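I have a structure here, written as structure tokens, and I will follow up with some questions on it.
Bear in mind that the values in this text are calculations on the coordinates, not laboratory data. This one's a predicted model, so the numbers in the text were calculated from it and none came from an experiment. We place every Cβ from the backbone using ideal geometry, glycine too, and count neighbours over all the protein chains shown.
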Amino acid sequence: MSVEVEVNESDLAEMVEQVWESYLDPEGISPLIPTYDENQPSEVHSSVSITGSWSGHVVFASSRAAAQRAAAAFLAMELDEVSEEDISDTLGELANIVGGNVKAMLPSGAQLSLPQVVLAPESSARYPNATRISGVYGIWEEEPVSISMWHSSADTKEEGE
Amino acid sequence: MRAMVIDDSRAMRMILKRIVTKLNFEAVEAGDGQEAMDRLAELTEVPELALIDWNMPNMNGLEFVTKVRADPRLREMTLVMVTTESEQSQIVRALAAGAHEYVIKPFTEGAMIEKLALLGLVPTGANS
């Protein structure tokens, strides 16, 4: 059975700030500005799954332009040099980093999956029996970016077995 | 000096390669622990430094550290785990297996350089 764990918005925001400071905005000039709008649109997303003592997903979603800018910043490239593979790699690593830090806040016994990247909106993803429990939603250089956390209610399946 | 960057994320390999190259290391890349072992078997000179991710397919970072420590030819290589695995128990496991140091993602370039300076691989103040 999965234990009750709350990783709140402030925990997530702190992790996200570290990611921006380390990779996306080392000069401190383009922070992620909160919008608190969990319905803001996305064009691409990446996710990692956590299983074990807690089950769920961490999802990074953004516009394609924001993903391209993230890849350029991450890989120290010019915007027009960024390839599809660069965007995919960067999105995967961003989900991995946030997911890994979320996992560290959970009781021991949780495992982190390798990242999955889908160059399609977050709204196209389906996480069966999972509910969005927390998220950081913002605008980065005028483009939407979000990092959300989904909790899987694995108990439903156990009860049915 | 030579450094091996071992991470299944090409993006992270590029970041680490950029940092060590700036510090005058010649960088060799591997996408997982098994590929790193294969590259090490081919190399005539063993790298002085390996920067190792934990979560990787085929052979993870902890298994790689264990294998390196069991090979006398690779004994002089300094092993630094660079990973999101920040649980205390995981850090203890990695250090017990033979890793010299630990860097948690996300990390700044300055933090990585400071860690390498602590290990004596780059001069103190290389960050300034």
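Give or take rounding to whole Å, what are the principal axis extents of the alpha carbon atoms in the range A:9-152, in descending order?
42, 28, 26
On C-alpha positions alone, give me the angle between the axis of helix A:64-75 and the longest principal axis of chain A, in degrees, nearest 10.
Relative to chain A, helix A:64-75 is tipped by roughly 80 degrees.
Follow-up question, since we're still on this one. If each of A:SER153 and A:VAL118 carries a label point 7 Å out from its Cα toward its Cβ, how far apart are those two points in nm?
If labels sit at A:SER153 and A:VAL118, their model points lie 2.1 nm apart.
Give the average, rounded to an integer, of partner chain Cβ atoms located within 10 angstrom of each Cβ in B:46-55. Mind dumping the intermediate values first?
Numbers: counts 0, 0, 0, 0, 0, 0, 0, 1, 2, 10.
The shielding value for this peptide is 1.
Let me know the mean shielding of A:103-115 by other chains, meaning the per-residue number of their Cβ atoms within 10 Å of its Cβ.
Details: counts 6, 7, 2, 1, 1, 4, 2, 1, 1, 4, 1, 5, 3.
Average per residue, whole number: 3.
Give me a single rounded figure for B:3-16: the average over its residues of other chain Cβ atoms within 10 Å of their Cβ. Don't skip to the answer; put the middle values down first.
On the way: counts 0, 0, 0, 0, 1, 6, 9, 8, 16, 9, 2, 8, 6, 0.
For this peptide, the per-residue mean of nearby foreign Cβ atoms is 5.
Using alpha-carbon positions, what is the distance between the centroids of the range A:81-131 and the range B:43-113, in Å?
23 Å
Can you spot the aspartates and glutamates whose alpha carbon is less than 14 Å from B:LYS17's alpha carbon? Ignore those fewer than 8 places along the same chain.
Result set, ordered by chain and number: B:ASP7, B:ASP8, B:GLU26, B:GLU29, B:ASP53, B:GLU109.
Pull out a ≥ b ≥ c, the square roots of the eigenvalues of the alpha-carbon gyration tensor of chain B, then state rounded if a/c is under 1.5, prolate if not and a/b is larger than b/c, and oblate in the remaining case. The partial results should precede the final answer.
Details: a/c = 1.36, a/b = 1.15, b/c = 1.19.
Rounded shape, in that the Cα axes give a/c under 1.5.
Under 5 Å between amide H atoms, partner at least 5 residues away or on a different chain: which partners does B:GLU29 have, H built in plane at 1.01 Å?
B:VAL5
Next up: Counting other Cβ atoms within 10 Å, which GluC sites (Glu not before Pro) in the range B:48-120 have at most 14 and lie in a DSSP loop?
On the way: sites: B:GLU48, B:GLU63, B:GLU76, B:GLU85, B:GLU87, B:GLU101, B:GLU109, B:GLU114; in loops: B:GLU48, B:GLU76, B:GLU85, B:GLU87.
Filter output for the range B:48-120: B:GLU76.
At each listed q (0.07 Å⁻¹), what is the log10 of I(q)/I(0) that the Debye formula gives for the protein assembly as shown modelled as equal alpha-carbon point scatterers?
These q points yield log10 I(q)/I(0) values of -0.26.
If amide hydrogens are placed 1.01 Å from N in the peptide plane, which non-local residues have theirs closer than 5 Å to the one on A:ALA110?
Under 5 Å from the amide H of A:ALA110 lie the amide H atoms of A:SER53, each far enough along the sequence or on another chain.
Among the trypsin sites (Lys or Arg not before Pro) within the range B:36-128, which fall in a DSSP loop and have no more than 13 other Cβ atoms within 10 Å of their own Cβ?
Qualifying residues, ordered by number: B:ARG75.
Also: What value, in deg cm²/dmol to 500, does the helix sum -39500 (n - 2.57) over DSSP H runs of n ≥ 4 give at 222 nm once divided by the residues of the protein assembly as shown?
Details: 9 runs with 102 residues, N = 289.
Dividing the helical sum by the residues of the protein assembly as shown leaves -11000 deg cm²/dmol.
Quick one: 3J(HN,Hα) in Hz for the range A:95-108, Karplus 6.51/-1.76/1.60 with θ = phi - 60°, rounded, Gly and Pro as x.
With the stated coefficients, the range A:95-108 comes to 5, 4, 5, 5, x, x, 6, 5, 4, 5, 8, 8, x, 4 Hz.
Okay, next question. Using the beta-carbon distance between A:MET105 and B:THR44 and R0 = 41 Å, what value does 1/(1 + (r/R0)^6) give for FRET efficiency, to the nearest 0.05?
Working: r = 44 Å, r/R0 = 1.09.
Calculated transfer efficiency: 0.40.
Go ahead and run the numbers for FRET between A:ASN8 and A:SER30, Cβ-Cβ distance against an R0 of 22 Å, rounding to 0.05.
Details: r = 25 Å, r/R0 = 1.13.
Using R0 = 22 Å, I get an efficiency of 0.30.
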